[in-house]
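Nothing in this text is a laboratory measurement; each read-out follows from the coordinates by a stated rule. Small disclaimer: the values here were computed from a predicted structure and weren't measured. Every residue, glycine among them, receives a Cβ derived from its backbone with ideal geometry; neighbour counts consider all protein chains shown.
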There are 2 protein chains.
Amino acid sequence: MTTAVGYEGPLFLGIDGGGSKCRVILTTADNQVVGEGLSGPANPLRGMKVATDSILSATHQALTCAGLAHRDIDQLVVGAGLAGVNMPEYFRIFSDWQHPFKAMYLTSDLHVACIGAHQGGDGAVIIAGTGSCGLADVKGEIIEVGGHGFPYGDNGSGAWMGLQLVHHVLLAKDLLGPATLLTDLLCEELKLTETLALVDFFMHATPTTYAKYAPLVFAAAEQGDLIAAEIIRQAAAHIDAIALRLLSLNPPRLSLIGGLAQKLVPYLATEVQSRVTPALQAPEFGAIWFARQRHPA
Amino acid sequence: MTTAVGYEGPLFLGIDGGGSKCRVILTTADNQVVGEGLSGPANPLRGMKVATDSILSATHQALTCAGLAHRDIDQLVVGAGLAGVNMPEYFRIFSDWQHPFKAMYLTSDLHVACIGAHQGGDGAVIIAGTGSCGLADVKGEIIEVGGHGFPYGDNGSGAWMGLQLVHHVLLAKDLLGPATLLTDLLCEELKLTETLALVDFFMHATPTTYAKYAPLVFAAAEQGDLIAAEIIRQAAAHIDAIALRLLSLNPPRLSLIGGLAQKLVPYLATEVQSRVTPALQAPEFGAIWFARQRHPA
C-alpha cells in the first residue's frame, strides 16, 4: 500500500476533537509525524456538519503538510477522540458517518487524552480546564467521571470557578457578602463597576466566558483573599474526589491536564499530589495509539 | 370624564408583568374591581413586541370584563410593574413606548409586589419563587437586592435548589458523593435512571425547569435526607441574608411571597421569622397604588 508520494505502509491520523477546536496529527507506519492540522469545534452536539467539516478541514491541512494529495484521504487509518461521543446517541450518529477514510476508530476525547498521557499504557487522566472530568483505563476496565456539563456539573473547573467568582462579586455588590479583592479584580478586568452592567455582561455567558475569569480567583488567593482561597479549596476538593475515584482502579500513572491543571496541583491533597505524573503525549497522539491498537496489521 | 358605560372619574389599571405571565386588574376611581386579564410574558428582555402584546391582550380582556369598549383604553391610568425595567436600558425603552393609555407609571414587578403586600404603605418584600430577590421601600428610600438571574444569582430560589439537587444526584451517579433519597426521588419523578439520560434532560434546562424539582428537596428533607437538609439550610441562609439587609431600613412590615415562600419560612432564622407578616394584596394591586400615588388628582 503506497500513497502518491511513496510512504510505506498505512498512514495514521489522530484526531482530538473538542467543543472549541479540532487538532489532528498525521504519522507514518513507523511513527514519524509528517503533518498536522487545526480547525474549529468537532463536537457532534454542535451538529454533525460542523463536526465533520472541522475534521475534514484539519485533515486536509495535515495531508498538505505531508505533501500528500486530498485524494490520499482514503489511505488514512484514523483514531478519533471526540467530545460528546460518550453519549450513545452521538456515538451511533458518528459511527454512521460515511467517512472518506480507510478506517475510523471512534472514542471520546477524554479517552484519547488518557491513552496519550500514558503513551498507550494503562493509566488515569483528569482534565481541569473549562470543564472537569476524569477517566481511568486499567486492564481493559474503564471508569469515567464528570464531564456532564455546566452549571450542574463540571465542578472544580474553570467555568465553575468563574461562576463562583461572579456569584461572590454580586453578593458583595448587594451588600450580602464582603467586597474583597475579587470584586476589584473583576471590575477592573471588565472595566465595569455597576451591578447591572456586570449582570448584563454575564447574562448569557458560556462556560468558556466564565472560565476566562478563573485566573482572577488564583490571583486574589495569592494575595490572601479568603473567599478566593475558599473557592479554590472547594475546586481542589472536587478534583481530589475525582482523583480518588480513579485511583480506586490502581492505575500505574495519573496525569492532570487542561488549562487549570498546573494552577490546581499545589492545592490538591498530599495523597493525590504524590501520585500525579506528567502527561507524556498529547491527546491526538493518544488517538493514534487507539487506532493502531485496533487496526488489523 | 366619563367612559362609554359611564364609570365616574378615572379608571386605574394595575399591571404585574413577569417573565412568564402578565396579570392586570382594572378598578374604578373608588377602588371597585371591575375587570381583570391574564396573558403571557411582559418582560422587555423577551423583546418589546412580546411584552407590549401581552400587556395589550390582558388589558383588552379587562376592558371586556368591565363592559367597556377597546377604545376606552385611552381612559386608563396605568401602573405597570414590569420585570427587567430595573435595568436602565429597559426602563428607557419602555418609557419610550407610544402606549395607548391616558397615562402610564412604570416601575419594577418587585416594587409593585412590595407596595401591594403593604397596601400602599412602607415595607419590605422578598420573592422566593423561580428566582429570589428583595426590596424595601421606607420613607422614600429604596433598597433592592438580588434578582440578578441564574445561575450566578438567584441563590436560595427554586431554580437554585433544583440546580443543587441535580448537582448532588450527578455526584452520586459518579460515586463522588452519597446516593440519597434525592437520587431516588429525582429518578422516579423523571422516570430516568441513567446518568447520561439525566444529563440529556437538564442540558438546556431553564430556571423554570430546575425550579420545578425544588419541592423534591423539601420532600427528601422531611424524610431525614441530610444533603437535602443542607441544601435547604443554604437556601434559607441566603433568604435570611436578604431579609437582614432589607430590615436594616427598619420597614414596618416584611412579607415573603412566591412559590417557595411558605415552604422556606420554617427554616428561616428566628429573628427573621418573627418579622414575617402576610402580604395584604397582590402585586397588580400594588401597581394601582403606584399609579394613584403619582397621578395628578
### Query
What's the average, rounded to a whole number, of partner chain beta-carbon atoms within 10 Å of each residue's beta-carbon in A:202-213?
1
### Message
Over the Cα atoms of the protein assembly as shown, what radius of gyration and what Dmax do you get, in Å?
### Response
29.0, 98
### Query
In nm, to one decimal, how far is the A:PHE201 label point from the A:GLU230 one, both placed 7 Å along Cα→Cβ?
2.3
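Given a cut-off of under 8 Å on Cα pairs at least six residues apart, what relative contact order in percent is computed for region A:23-92? If you can, show how the numbers build up before the last one.
Details: 90 pairs, mean separation 20.5, N = 70.
Normalised by residue count, the contact order of region A:23-92 is 29 percent.
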### Query
Roughly how many debye, to the nearest 20, is the charge dipole of region B:32-142 about its Cα centre, given +1 on each Lys and Arg Cβ, -1 on each Asp and Glu Cβ, and no other charges?
180
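Using DSSP to call loops (not H, G, I, E or B), can you name the GluC sites (Glu not before Pro) in region B:193-297 whose Cβ has at most 14 other Cβ atoms within 10 angstrom?
On the way: sites: B:GLU194, B:GLU222, B:GLU230, B:GLU271, B:GLU284; in loops: B:GLU194.
Listed in order of number, the matching sites are B:GLU194.
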### Query
Rounded to the nearest 5, what is the percent of antiparallel bridges among the DSSP beta bridges in chain B?
60
### Task
One decimal, nm, shortest first: give the distances between the label point of A:GLU189 and those of the same position in the other copies, each label point 7 Å from Cα along Cα→Cβ.
3.4
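Can you give the relative contact order of region B:110-269 as a percent, counting alpha carbon pairs under 8 Å and 6+ residues apart? Walk me through the numbers before you get to the answer.
On the way: 258 pairs, mean separation 51.9, N = 160.
Averaging sequence separation for qualifying contacts and normalising by length gives 32 percent for region B:110-269.
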### Message
What lysines does B:LYS212 reach when the alpha-carbon gap must be under 20 Å and sequence neighbours fewer than 8 apart in one chain are set aside?
### Response
B:LYS21, B:LYS191, B:LYS263
### Query
Which far-off residues, 5 or more places away or on another chain, put their amide H under 5 Å from the one on B:CYS22, with H placed in the peptide plane?
B:SER39, B:GLY40
### Task
One decimal, nm, shortest first: give the distances between the label point of B:GLY67 and those of the same position in the other copies, each label point 7 Å from Cα along Cα→Cβ.
9.6
### Query
Hey, got the average number of other protein chain Cβ atoms within 10 angstrom for residues in B:238-245?
2
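Taking Cα atoms of chain B, Rg/Rh with Kirkwood Rh, to two decimals?
Values: Rg = 21.1 Å, Rh = 20.3 Å.
With Rg and the Kirkwood Rh in hand, the quotient comes to 1.04.
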### Message
Around B:LEU226, under 15 Å between beta carbons, what's the net of Lys plus Arg minus Asp minus Glu among the other residues?
### Response
-3
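Under the rule of -39500 (n - 2.57) per DSSP H run of 4 or more residues, summed and divided by the residues of chain A, what mean residue ellipticity at 222 nm is obtained, to the nearest 500 deg cm²/dmol? Please list the in-between numbers first.
Details: 12 runs with 126 residues, N = 297.
Per the formula, -12500 deg cm²/dmol.
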### For region A:79-224: span of alpha carbons on each principal axis (Å, largest first)
59, 32, 22
## Note on the structure
Hydrodynamic radius by Kirkwood for region A:152-297, inverse mean 1/r across distinct Cα pairs, in Å, is 17.1
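If r is the Cβ-Cβ distance from B:LEU280 to B:LEU38 and R0 is 22 Å, what FRET efficiency results, to the nearest 0.05? If you can, show how the numbers build up before the last one.
On the way: r = 21 Å, r/R0 = 0.96.
With a Förster radius of 22 Å, E is 0.55.
What is the magnitude of the charge dipole of chain B about its Cα centre, with +1 placed on the Cβ of each Lys and Arg, -1 on the Cβ of each Asp and Glu, and no other charges, expressed in debye to the nearest 20?
Details: 18 positive and 27 negative charges, 97 e Å.
Taking the Cα centre of chain B as origin, the dipole is about 460 debye.
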### Antiparallel DSSP beta bridges within region A:123-278, as percent of all bridges there, nearest 5
70
### Task
Go through B:69-77, B:108-116 and give me the packing order, highest mean Cβ count within 10 Å leading.
B:108-116, B:69-77
